[in-house]
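Working notes, structure below.
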Amino acid sequence: MGVKAALPRYELYFYNVVLCMAMFWAARWIFEVSSSNTNRKTFKTSVQTGWYYSGRRMDTADVEWMMWFSTFREHIIFALSGHVIFAKICSMLAPQYRSLVFLVYGMLAVFTSMGWAYITLILSHCVLLYSISLVKLRWLCFMAGLTTLATFKMEPFISWQAGFVSGSFDLRPVLFYGGCGFTIMRCMSFALENCEKKDGNYSILELLKYNFYLPFFFFGPIMTFDKFHIQANNPSLTRKEGEMWNISIQALLNLGVITIVAILFHFMYILTIPSDMKLLKHISDWALVGLAYLNLVYDWAKAAVMFGVINTVSRLDHLDPPQPPKCIMMLYMFSEMHFNRGINDWLCKYVYNYLGGKHENVMDELIASLCTFGFTALWLGPSWVVFIWALLNCFGLNFELWTAKFFTMEPFISIEMAISDSMSRRIRAVFNTFNFWTIVLYNVLALNSLEFAKLVAKRLLLRGFPFTTITVMFVTYCLIQLIKERERRQALIDDPDPIPPSVPVPPPTSAPTTITQTDSAATQPVDPNKEKAE
């Protein structure tokens with residue numbers, strides 16, 4: 001109920017005004033803090049010289065962002081440009097062999113950047129997991145994959161394998177662990193798909209072509225083997241009408257977001273401020289709450305841009321890669337939260353949906369979500385912060401499911417049937433408001449630190465009560481209503497037939513949150529085939 005329930009236009013205008021004013025005030029306070037504390041010790045280490053004509057310094061606390069768009073920008077552009085050129089030439093001359101060109105160019109690029117020892121290490125893991133996949137035992141393939149993944153997440157196996165790679169440069173650790181981690185994930189996908197193949201086995205050449213596709217090799221996203229195999233070996237290279245125009249627009253949008261983030265880093269030091277606990281204790285509640293929210297928005301923007309750049313290249317290769325993550329400003333439910341659709345699809349297919357079935361049984365859902373978060377903890381590297389984050393998000397997802405089932409019972413369902421659709425939407429938005437800040441606090445824990453998350457929670461719920469708490473929740477309520485309005489309009493476009501008022505909206509059935517491997521972002525498995533509940 002309430003998916004297509006409309007609210008009065010003046011009410012939506014009021015929500016827009018409140019939200020814009022709140023965001024402006026929070027941004028102004030963060031800007032003042034950034035401008036008046038430039039001589040602090042914390043700022044001196046992570047706030048460096050910025051654009052000359054801006055007259056301001058720049059927040060450089062995010063090493064990964066600086067690596068992509070500053071330090072190693074030319075190297076990354078050169079490698080991806082070479083891939084596009086060679087792939088285009090092959091597509092024009094011999095499209096049936098383009099997957100082999102992907103393999104050769106990818107291996108040469110990895111060899112040039114990391115050396116022969118790294119190539120040998122990667123090939124050894126590929127051969128090992130390929131050999132195990134020939135047995136066609138799903139549980140054995142999964143256990144072998146988990147074991148090999150653990151060797152890159154735990155000592156002393158990490159140091160032992162890293163010792164095989166000689167040379168030292170700033171990008172080396174990121175390339176080493178990124179390439180190895182994603183290689184294991186791709187090999188597991190290959191092995192599990194080979195178990196499902198009824199006639200014979202896939203060749204090891206298919207695994208190598210899948211693994212050494214350069215745009216996905218070091219940084220992802222992950223395409224499951226079944227999708228990549230069909231698309232990369234398709235000799236019919238035709239495009240839909242307007243596809244190149246859409247690719248060009250997406251590339252320009254990525255460039256625009258990169259520029260906006262760079263400008264933001266010159267005026268609001270949203271990444272450096274959370275690391276200075278002494279400074280945080282003296283800023284206003286609104287600035288602190290806005291800082292926590294902006295950190296989530298930035299991490300979404302980073303994931304969207306980084307995967308967007310890779311997706312643009314892969315779409316030029318006639319592939320259909322995982323889409324960028326759903327905008328964090330449009331999320332208010334655990335079941336829809338994710339920052340990496342590739343890992344989301346991987347987990348949904350091989351773990352969450354495989355164990356959870358139709359996601360109608362509470363116990364099956366609990367087991368599926370626990371196993372999903374357990375795998376995620378291993379993927380990120382076991383630590384107390386990861387364990388706490390995983391436990392909280394697992395609880396949030398299951399509590400969301402339990403609550404949805406509880407409110408479909410009597411007398412709640414009769415009460416909802418008795419009230420108007422618009423009132424049902426308002427009541428649901430109140431509950432979604434608390435859910436929204438639970439999501440923010442849980443993920444701030446992973447993105448920043450336990451101390452920062454505890455401080456935000458204390459100021460929002462205890463020290464700031466009742467004024468700050470009520471005010472922030474009301475502003476969040478306005479945001480939720482605007483999100484629901486956007487969903488309502490999209491639902492009308494997708495399905496113009498109105499939903500009968502007597503049919504209740506089913507509870508959410510998607511998968512839990514996980515953290516993306518862009519070093520620190522959060523992602524959430526969501527089954528794209530499931531009907532989205534409001």
**Request:** Take Gln231 and decide whether it is modelled with pLDDT of 90 or more, open to solvent by 10 Å² or more (accessible area, probe 1.4 Å) and within 21 Å of the chain's Cα centre (by Cα).
**Result:** no
**Request:** State which residue pairs qualify: first residue closer than 18 Å to Leu294 by Cα and inside segment 12-28, second residue open to solvent by 90 Å² or more (accessible area, probe 1.4 Å) and among the small types (Gly, Ala, Ser) in any location, beta carbons under 8 Å apart, and separation of 6 or more residues or different chains.
**Result:** none
**Prompt:** Do we find that Leu441 is surrounded by 21 or more Cβ atoms within 10 Å (Cβ to Cβ) and either not charged (D, E, K, R) or not in a helix (DSSP H, G or I) (or both) in this structure?
**Reply:** no
**Request:** From (1) surrounded by fewer than 23 Cβ atoms within 10 Å (Cβ to Cβ); (2) touching a helix residue (DSSP H, G or I) at 6+ places or on another chain (Cβ under 8 Å); (3) more than 21 Å from Phe24 (Cβ to Cβ), pick out the condition that doesn't hold for Met306.
**Result:** (1)
**Item:** Residue within segment 155-173 that is assigned to a helix (DSSP H, G or I), within 16 Å of Gly106 (Cα to Cα) and modelled with pLDDT under 95 present
**Value:** no
**Asked** So which residues in segment 329-372 are touching a strand residue (DSSP E or B) at 6+ places or on another chain (Cβ under 9 Å), open to solvent by less than 10 Å² (accessible area, probe 1.4 Å) and of a type outside the set (Gly, Ala, Ser), if there are any at all?
**Response** Met337, His338, Phe339, Asn340, Ile343, Asn344, Leu347, Thr372
**Fill in**
Being out of contact with any Gly (no Cβ under 9 Å at 6 or more places or on another chain) and either in a loop (DSSP other than H, G, I, E, B) or among the charged types (D, E, K, R) (or both) narrows Tyr354, Tyr332 down to just Tyr332
**Fill in**
Output for Cβ contacts, cut-off 7 Å, separation at least six or different chains, first residue touching a residue at least 40 places away in the same chain (Cβ under 8 Å) and closer than 13 Å to Glu451 by Cβ in segment 267-295, second in a helix (DSSP H, G or I) and open to solvent by 50 Å² or more (accessible area, probe 1.4 Å), reads Met277/Glu451
**Message:** I'd like to verify a number: residues in segment 128-155 that are of a type in the set (Ser, Thr, Tyr) and surrounded by 15 or more Cβ atoms within 10 Å (Cβ to Cβ), how many?
**Reply:** 4
**Count - residues of segment 268-291 that are crowded, with 17+ Cβ neighbours inside 10 Å and assigned to a helix (DSSP H, G or I)** = 11
**Complete:** Conditions (1) of a type in the set (D, E, K, R); (2) touching a Phe, Trp or Tyr at 6+ places or on another chain (Cβ under 8 Å); (3) part of a loop (DSSP other than H, G, I, E, B) -> Lys302 fails only (3)
**Fill in**
Lys41 meets each of (1) closer than 30 Å to Glu416 by Cα; (2) charged (D, E, K, R); (3) modelled with pLDDT under 90 with one exception, condition (1)
**Request:** Can you work out which of the residues in segment 78-100 that are more than 17 Å from Arg315 (Cβ to Cβ) and either touching a helix residue (DSSP H, G or I) at 6+ places or on another chain (Cβ under 9 Å) or modelled with pLDDT of 90 or more (or both) is surrounded by the most Cβ atoms within 10 Å (Cβ to Cβ)?
**Result:** Ala79
**Complete:** Those residues of segment 181-216 which are in contact (Cβ under 8 Å) with a residue 12 or more places away in the chain, among the polar types (S, T, N, Q) and open to solvent by 10 Å² or more (accessible area, probe 1.4 Å) amount to Asn201
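The values are calculated or read from the model by the stated rules, or taken from the named source; none is laboratory data. Here the structure is a predicted model, which means the values were calculated and not measured. Please note: Cβ atoms are built from the backbone with ideal geometry, for glycine as well, and neighbour counts cover all protein chains shown. These accessible areas exclude ligands, DNA and RNA; they are computed on the full protein's heavy atoms, side chains included. Shrake-Rupley method; radii C 1.70, N 1.55, O 1.52, S 1.80 Å.
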